[in-house]
Amino acid sequence: MSRIGRMPIPIPKGVEVNIDGSDVKVKGPKGELERSLHPDMLISISNDNVIIERPSEEKLHKALHGLTRSLLNNMVVGVSDGFKKTLEMVGVGYRAQLEGQNVVLQVGYSHPIKIEPLTGITFTLEGNNRIIVSGINKEDVGEQAANIRKARKPNPFTGKGIKYEGEKIRRKAGKAGRIGSELS
(Lines give C-alpha, C1' and ligand atoms only; values in the text may rest on other atoms or scores of the structure.)
Protein backbone atom coordinates (compact mmCIF):
# COMPACT_ATOMS: atom_id res chain seq x y z
CA MET A 1 0.00 0.00 0.00
CA SER A 2 1.11 3.52 -0.71
CA ARG A 3 1.89 5.30 2.55
CA ILE A 4 0.61 8.59 1.19
CA GLY A 5 -2.31 7.11 -0.75
CA ARG A 6 -3.84 5.24 2.15
CA MET A 7 -3.97 8.27 4.48
CA PRO A 8 -7.48 9.75 4.67
CA ILE A 9 -7.97 13.43 3.82
CA PRO A 10 -9.80 15.23 6.66
CA ILE A 11 -12.45 17.67 5.45
CA PRO A 12 -12.31 20.86 7.59
CA LYS A 13 -15.44 22.76 8.62
CA GLY A 14 -16.74 25.03 5.88
CA VAL A 15 -15.33 22.87 3.07
CA GLU A 16 -17.63 20.88 0.80
CA VAL A 17 -16.39 18.02 -1.42
CA ASN A 18 -18.57 16.75 -4.28
CA ILE A 19 -17.56 13.60 -6.18
CA ASP A 20 -19.15 12.78 -9.53
CA GLY A 21 -17.35 9.72 -10.92
CA SER A 22 -13.81 10.93 -11.56
CA ASP A 23 -14.71 14.65 -11.38
CA VAL A 24 -14.17 16.30 -8.00
CA LYS A 25 -15.35 19.77 -6.91
CA VAL A 26 -14.10 21.30 -3.68
CA LYS A 27 -15.74 24.46 -2.35
CA GLY A 28 -14.50 26.41 0.66
CA PRO A 29 -14.24 29.87 2.19
CA LYS A 30 -11.41 30.96 -0.16
CA GLY A 31 -12.99 29.73 -3.40
CA GLU A 32 -13.82 26.71 -5.51
CA LEU A 33 -11.60 24.22 -7.35
CA GLU A 34 -12.51 21.38 -9.66
CA ARG A 35 -10.44 18.67 -11.27
CA SER A 36 -10.92 15.53 -13.29
CA LEU A 37 -8.88 12.67 -11.85
CA HIS A 38 -8.01 9.26 -13.31
CA PRO A 39 -11.20 7.18 -13.68
CA ASP A 40 -9.61 4.01 -12.22
CA MET A 41 -9.14 5.49 -8.75
CA LEU A 42 -12.00 4.85 -6.30
CA ILE A 43 -12.81 8.04 -4.35
CA SER A 44 -15.33 8.00 -1.50
CA ILE A 45 -16.35 10.11 1.52
CA SER A 46 -16.90 8.63 4.99
CA ASN A 47 -16.93 10.29 8.44
CA ASP A 48 -15.77 13.71 7.13
CA ASN A 49 -12.79 12.06 5.41
CA VAL A 50 -12.03 11.52 1.73
CA ILE A 51 -10.65 8.03 1.09
CA ILE A 52 -8.83 6.99 -2.09
CA GLU A 53 -8.50 3.31 -2.97
CA ARG A 54 -6.88 1.61 -5.92
CA PRO A 55 -8.53 -1.25 -7.82
CA SER A 56 -5.43 -3.45 -8.22
CA GLU A 57 -1.73 -3.78 -7.47
CA GLU A 58 -0.64 -2.82 -11.01
CA LYS A 59 2.28 -0.43 -11.29
CA LEU A 60 0.11 2.31 -12.84
CA HIS A 61 -2.47 2.08 -10.06
CA LYS A 62 0.23 2.17 -7.39
CA ALA A 63 1.65 5.36 -8.95
CA LEU A 64 -1.79 6.98 -9.30
CA HIS A 65 -2.80 6.16 -5.70
CA GLY A 66 -0.44 8.61 -3.97
CA LEU A 67 -0.76 11.19 -6.77
CA THR A 68 -4.55 11.26 -6.55
CA ARG A 69 -4.45 11.65 -2.78
CA SER A 70 -1.91 14.49 -2.99
CA LEU A 71 -3.89 16.36 -5.65
CA LEU A 72 -7.12 16.08 -3.63
CA ASN A 73 -5.38 17.12 -0.41
CA ASN A 74 -3.92 20.19 -2.15
CA MET A 75 -7.41 21.15 -3.32
CA VAL A 76 -8.86 20.85 0.20
CA VAL A 77 -5.99 22.81 1.79
CA GLY A 78 -6.15 25.44 -0.98
CA VAL A 79 -9.83 26.31 -0.52
CA SER A 80 -9.54 26.35 3.27
CA ASP A 81 -6.12 27.96 3.94
CA GLY A 82 -4.60 28.85 0.56
CA PHE A 83 -0.97 28.68 -0.56
CA LYS A 84 1.75 31.30 -0.73
CA LYS A 85 5.35 31.58 -1.86
CA THR A 86 7.69 34.40 -0.92
CA LEU A 87 10.41 35.65 -3.26
CA GLU A 88 13.34 37.86 -2.21
CA MET A 89 15.21 40.24 -4.50
CA VAL A 90 18.92 40.62 -3.74
CA GLY A 91 20.94 43.28 -5.52
CA VAL A 92 21.66 47.00 -5.54
CA GLY A 93 18.75 48.82 -7.18
CA TYR A 94 16.59 45.70 -7.45
CA ARG A 95 13.01 46.54 -6.52
CA ALA A 96 9.42 45.66 -7.27
CA GLN A 97 6.24 47.70 -7.31
CA LEU A 98 2.57 47.01 -7.91
CA GLU A 99 0.69 48.56 -10.83
CA GLY A 100 -2.90 47.49 -10.36
CA GLN A 101 -2.72 43.69 -10.12
CA ASN A 102 0.56 43.44 -12.03
CA VAL A 103 4.02 43.54 -10.50
CA VAL A 104 6.77 45.58 -12.18
CA LEU A 105 10.36 44.48 -11.55
CA GLN A 106 13.54 46.56 -11.82
CA VAL A 107 16.25 43.91 -11.83
CA GLY A 108 19.25 45.43 -13.56
CA TYR A 109 17.99 45.44 -17.15
CA SER A 110 17.58 48.62 -19.19
CA HIS A 111 13.81 48.17 -19.05
CA PRO A 112 11.31 47.21 -16.34
CA ILE A 113 9.73 43.76 -16.47
CA LYS A 114 5.94 43.64 -16.08
CA ILE A 115 4.44 40.36 -14.85
CA GLU A 116 0.69 39.75 -15.02
CA PRO A 117 -0.88 37.32 -12.52
CA LEU A 118 -2.59 34.10 -13.56
CA THR A 119 -6.28 33.83 -12.73
CA GLY A 120 -6.80 33.40 -8.99
CA ILE A 121 -3.30 34.65 -8.07
CA THR A 122 -2.61 37.81 -6.08
CA PHE A 123 0.65 39.65 -5.49
CA THR A 124 1.55 41.53 -2.31
CA LEU A 125 4.78 43.34 -1.51
CA GLU A 126 6.70 43.62 1.76
CA GLY A 127 8.98 46.58 1.39
CA ASN A 128 10.24 46.87 -2.16
CA ASN A 129 12.28 43.67 -2.39
CA ARG A 130 9.92 40.88 -1.15
CA ILE A 131 7.10 39.56 -3.33
CA ILE A 132 4.42 37.26 -1.91
CA VAL A 133 2.52 35.16 -4.46
CA SER A 134 -0.72 33.71 -3.03
CA GLY A 135 -3.72 31.77 -4.30
CA ILE A 136 -5.83 28.65 -3.80
CA ASN A 137 -4.29 26.48 -6.52
CA LYS A 138 -0.87 25.16 -5.48
CA GLU A 139 0.25 24.50 -9.06
CA ASP A 140 -0.60 28.04 -10.22
CA VAL A 141 1.15 29.62 -7.21
CA GLY A 142 4.32 27.61 -7.92
CA GLU A 143 4.22 28.37 -11.65
CA GLN A 144 3.74 32.11 -11.05
CA ALA A 145 6.60 32.20 -8.52
CA ALA A 146 8.85 30.34 -10.98
CA ASN A 147 8.01 32.85 -13.73
CA ILE A 148 8.95 35.75 -11.46
CA ARG A 149 12.20 34.02 -10.44
CA LYS A 150 12.98 33.42 -14.12
CA ALA A 151 13.13 37.20 -14.71
CA ARG A 152 16.56 37.23 -12.97
CA LYS A 153 17.85 33.93 -11.63
CA PRO A 154 20.32 34.12 -8.74
CA ASN A 155 23.93 34.50 -9.85
CA PRO A 156 26.20 31.88 -8.20
CA PHE A 157 29.19 34.27 -8.24
CA THR A 158 27.62 37.43 -6.76
CA GLY A 159 24.43 36.08 -5.17
CA LYS A 160 22.33 38.77 -6.88
CA GLY A 161 18.94 37.93 -8.36
CA ILE A 162 15.46 36.74 -7.35
CA LYS A 163 15.33 33.74 -5.02
CA TYR A 164 12.77 31.90 -2.93
CA GLU A 165 12.64 32.69 0.78
CA GLY A 166 15.01 30.33 2.58
CA GLU A 167 16.68 29.16 -0.66
CA LYS A 168 20.43 28.67 -0.32
CA ILE A 169 22.46 29.81 -3.31
CA ARG A 170 25.62 27.75 -3.77
CA ARG A 171 28.37 30.29 -4.22
CA LYS A 172 31.27 29.70 -6.59
CA ALA A 173 34.78 31.05 -6.30
CA GLY A 174 35.78 33.78 -8.72
CA LYS A 175 38.82 33.81 -10.98
CA ALA A 176 42.02 32.50 -9.40
CA GLY A 177 44.16 35.37 -10.72
CA ARG A 178 47.51 35.37 -12.52
CA ILE A 179 49.50 33.00 -10.37
CA GLY A 180 50.88 30.86 -13.19
CA SER A 181 52.26 33.73 -15.31
CA GLU A 182 54.31 35.23 -12.45
CA LEU A 183 56.51 32.14 -12.19
CA SER A 184 58.20 32.54 -15.56
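The values are calculated or read from the model by the stated rules, or taken from the named source; none is laboratory data. Remember, predicted model here, so these are calculated numbers, not experimental data. Backbone-built Cβ (ideal geometry, glycine too); neighbour counts: all protein chains shown.
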By residue number, the members of region 71-106 that are buried (at least 18 other Cβ atoms within 10 Å of the Cβ) and either in contact with a Phe, Trp or Tyr (Cβ under 7 Å, 6 or more places away or on another chain) or assigned to a loop (DSSP other than H, G, I, E, B) (or both) are G82, K85, L87, G91, Y94, V103
Between a residue in region 43-57 that is in a loop (DSSP other than H, G, I, E, B) and any residue that is surrounded by 14 or more Cβ atoms within 10 Å (Cβ to Cβ), which pairs come within a Cβ distance under 6 Å, given they are 6 or more apart or on different chains?
D48/I11; R54/H61; R54/H65; P55/D40
Taking N74 as the residue in question, decide whether it is in the same structural domain as G28 (by TED's automatic domain parsing) and on the phi > 0 side of the Ramachandran plot.
no
In this structure, does I131 turn out to be within 27 Å of R171 (Cβ to Cβ), outside the structural domain of E34 (by TED's automatic domain parsing) and not in a strand (DSSP E or B)?
no
Looking at region 60-81, I want the residues that are closer than 15 Å to G120 by Cα and have a partner that is surrounded by 21 or more Cβ atoms within 10 Å (Cβ to Cβ) and of a type in the set (S, T, N, Q) with Cβ atoms under 7 Å, at least 6 apart or on another chain. Which pairs are those?
G78/N137
For region 134-147, enumerate the residues that are touching a residue at least 40 places away in the same chain (Cβ under 8 Å) and under 26 Å from R171 (Cβ atoms).
G142, A145
Given the criteria assigned to a loop (DSSP other than H, G, I, E, B), free of Cβ contacts under 8 Å to residues at least 40 places away in the same chain and of a type in the set (F, W, Y), does F123 qualify?
no
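In region 58-70, what residues are part of a helix (DSSP H, G or I) and not aliphatic (A, V, I, L, M)?
From region 58-70, those part of a helix (DSSP H, G or I) are 59-70; that's our starting set.
Once the filter is applied, which keeps residues that are part of a helix (DSSP H, G or I) and not aliphatic (A, V, I, L, M), region 58-70 yields K59, H61, K62, H65, G66, T68, R69, S70.
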Give me the residue from region 148-161 that is surrounded by 14 or more Cβ atoms within 10 Å (Cβ to Cβ) and in contact (Cβ under 8 Å) with a residue 24 or more places away in the chain and, out of that set, farthest from K85 (Cα to Cα).
K160
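Return a yes/no flag: does region 138-161 have any residue that is hydroxyl-bearing (S, T, Y) and either at pLDDT 95 or above or not in a loop (DSSP other than H, G, I, E, B) (or both). Give the steps one after another, and end with the answer.
Just the residues of region 138-161 that are hydroxyl-bearing (S, T, Y), to begin with: 158.
Now restrict to residues that are either at pLDDT 95 or above or not in a loop (DSSP other than H, G, I, E, B) (or both): none.
No, that holds for no residue.
Give the residue that is nearest to the chain's Cα centre (by Cα), with candidates limited to residues of region 19-41 that are surrounded by fewer than 12 Cβ atoms within 10 Å (Cβ to Cβ) and in a strand (DSSP E or B). Step through it out loud before you land on a result.
Residues of region 19-41 surrounded by fewer than 12 Cβ atoms within 10 Å (Cβ to Cβ): 20-21, 36, 39.
After this cut, where a residue has to be in a strand (DSSP E or B) as well, the list is 20, 36.
Numbers: D20: 27, S36: 20 Å.
Ranking the candidates gives S36 first.
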